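**Q** If you scroll down you'll find the structure; I have some questions about it.
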Ligand code: GUN
Ligand code: ZN
């Protein structure tokens, strides 16, 4: 069934530089219909007056929903989040490692229980959608049940979602550490790899679901586990890889002590064949130039997690160095280290991080540099079209362009009195986007629409 909307429509030019990539059709038309596979995609998008004749001749029977006060935009893409950490958001700790020990691991233990995992997955998916997030690359826990629960819930909601069993066969407490098979035939490492491959076959490519090989981080994975994952990564090149790297100074020291042969923390993953397209590494704060060149040459992408990095005191992602190296990156909430599901909060935190560059350069004795002012178009791109690109899903999701899957949001810029006043004053697209980034939250998301599979 064809659907048509007339509203202000935000889309991105995938070929343009991010800071100049957004386009707003003030009086736009968006037409959604099924492609040959029966999947709802964007069929027409652009200026209403330019498209109206063609639309009417092709779809004389379709009623246009006219929403002149609303903005229709691509659904947001979260490139790194932990669904089992929804209930630890805002837990205070000195830094990453004590936070994991005190709050995160005890909570993740509970996901051995199928019922607990199912209700958490259901809340998590609802929370993503309420915040306008239509695709996420997310960690589960080490328990198979946690992966099944999340895929099941995402499938119920027709969502494009990528997850995988968290791998951690060492340096993790009982209850979250990988376990040997119950019949004693396989040790914990072997069993974790067997479960991973079984889950991957069960879910990868089913409807809109994707599997991600998920080593938690190098300190929690044995050489044998990383080697096994590297073999799987070579065998299944369209399966994603997700992990953490170079987030926190103590973590880095620990990782290098466990892998003394590695030149750097990032190098550990490369040594095991885990750097490639569709590999997404969260944080990437404390990288050097060689690491950034490795990111660029392998096609791996960084998931930038500004609310988490500020909350846990991990450091600042260096946007300027990342751009100089030409490496791919995109935005992520990193809930529950991250403090919000809202992409508006994440984009604003990313803006502050760009601003903070001036201070760190001075304290490091370098040439003082101006703090960056990441443009609102760039920030929004990093959470939509750029995030899709980082996941290898450019042209599939993250934009309102002909052929893209029809995941979109309807924004109400009048959602709060202040938003209404401020957005009414906006005199350019950047001003309008910035007003929403700075003042927006879940109230700005009036509706989230997910592409459906219709009979083909
Ligand atoms: N490093 C290893 N595990 C985690 C995690 O759960 N959150 C964050 N922020 N970093 C990690
Ligand atoms: Zn994380």
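**Q** Could you check region 220-243 and list, in sequence order, the residues that are more than 13 Å from residue 166 (Cα to Cα), more than 22 Å from the chain's Cα centre (by Cα) and in a helix (DSSP H, G or I)?
**A** Within region 220-243, 223, 224, 227, 228, 230, 231, 232, 234, 235 qualify.
**Q** A further question follows. So which residues in region 105-134 are buried (at least 18 other Cβ atoms within 10 Å of the Cβ), more than 23 Å from residue 198 (Cα to Cα) and touching a strand residue (DSSP E or B) at 6+ places or on another chain (Cβ under 9 Å)?
**A** 124, 125, 128, 129, 131, 132, 133, 134
**Q** Surrounded by fewer than 23 Cβ atoms within 10 Å (Cβ to Cβ), away from ligand 1 (no atom under 16 Å from the Cβ) and either modelled with pLDDT of 95 or more or within 22 Å of the chain's Cα centre (by Cα) (or both): does that describe residue 272?
**A** Values: surrounded by fewer than 23 Cβ atoms within 10 Å (Cβ to Cβ): yes; away from ligand 1 (no atom under 16 Å from the Cβ): yes; either modelled with pLDDT of 95 or more or within 22 Å of the chain's Cα centre (by Cα) (or both): yes.
Taking the combined requirement at face value, the residue satisfies it.
**Q** Please identify the pairs in which a residue from region 370-391 that is crowded, with 22+ Cβ neighbours inside 10 Å has its Cβ atom under 6 Å from the Cβ atom of a residue that is outside any helix (DSSP H, G or I) and at pLDDT below 95, counting only partners at least 6 apart or on another chain.
**A** 385/14
**Q** Continuing with the same structure: With respect to residue 85, is the statement that it is within 25 Å of residue 448 (Cα to Cα), within 16 Å of ligand 2 (Cβ to nearest atom) and under 24 Å from the mean Cα position of the chain (by Cα) true? If you could, list the steps in order and put the result at the bottom.
**A** Working: within 25 Å of residue 448 (Cα to Cα): yes; within 16 Å of ligand 2 (Cβ to nearest atom): yes; under 24 Å from the mean Cα position of the chain (by Cα): yes.
When the stated conditions are applied, residue 85 passes them.
**Q** Right, next: Just give me the residues in region 325-352 being touching a strand residue (DSSP E or B) at 6+ places or on another chain (Cβ under 9 Å) and either modelled with pLDDT under 95 or on the phi > 0 side of the Ramachandran plot (or both), in sequence order.
**A** Hit for region 325-352 is 334, nothing else.
**Q** Of all the residues that make up region 109-163, how many are more than 16 Å from ligand 2 (Cβ to nearest atom), in contact with a helix residue (DSSP H, G or I) (Cβ under 8 Å, 6 or more places away or on another chain), part of a helix (DSSP H, G or I) and under 20 Å from residue 331 (Cα atoms)?
**A** Of the residues in region 109-163, 3 are more than 16 Å from ligand 2 (Cβ to nearest atom), in contact with a helix residue (DSSP H, G or I) (Cβ under 8 Å, 6 or more places away or on another chain), part of a helix (DSSP H, G or I) and under 20 Å from residue 331 (Cα atoms).
**Q** Let me confirm something: among 331, 287, which residue is buried (at least 24 other Cβ atoms within 10 Å of the Cβ) and within 16 Å of ligand 2 (Cβ to nearest atom)?
**A** Working: 287 fails: within 16 Å of ligand 2 (Cβ to nearest atom).
Result of the check over 331, 287: 331.
**Q** May I pose another question? Being closer than 26 Å to residue 101 by Cβ, modelled with pLDDT of 95 or more and either away from ligand 2 (no atom under 16 Å from the Cβ) or in contact with a helix residue (DSSP H, G or I) (Cβ under 9 Å, 6 or more places away or on another chain) (or both), is that true of even one residue in region 317-324?
**A** Kept after step one, since they are closer than 26 Å to residue 101 by Cβ, are these residues of region 317-324: 317.
Now drop any that are not modelled with pLDDT of 95 or more, which leaves 317.
Within this subset, residues satisfying the condition of being either away from ligand 2 (no atom under 16 Å from the Cβ) or in contact with a helix residue (DSSP H, G or I) (Cβ under 9 Å, 6 or more places away or on another chain) (or both) are 317.
Scanning region 317-324 turns up at least one residue that is closer than 26 Å to residue 101 by Cβ, modelled with pLDDT of 95 or more and either away from ligand 2 (no atom under 16 Å from the Cβ) or in contact with a helix residue (DSSP H, G or I) (Cβ under 9 Å, 6 or more places away or on another chain) (or both).
**Q** I want to confirm something. Restricting to region 288-310 and keeping residues that are in contact (Cβ under 8 Å) with a residue 40 or more places away in the chain and in a helix (DSSP H, G or I), which single residue is nearest to ligand 1 (Cβ to nearest atom)?
**A** Per the stated criteria, the residue is 309.
The values are calculated or read from the model by the stated rules, or taken from the named source; none is laboratory data. The structure displayed is predicted, hence computed values, not measured ones. A quick note on method: Cβ atoms are made from the backbone with ideal geometry, for glycine too, and the neighbour counts reach across all protein chains shown.
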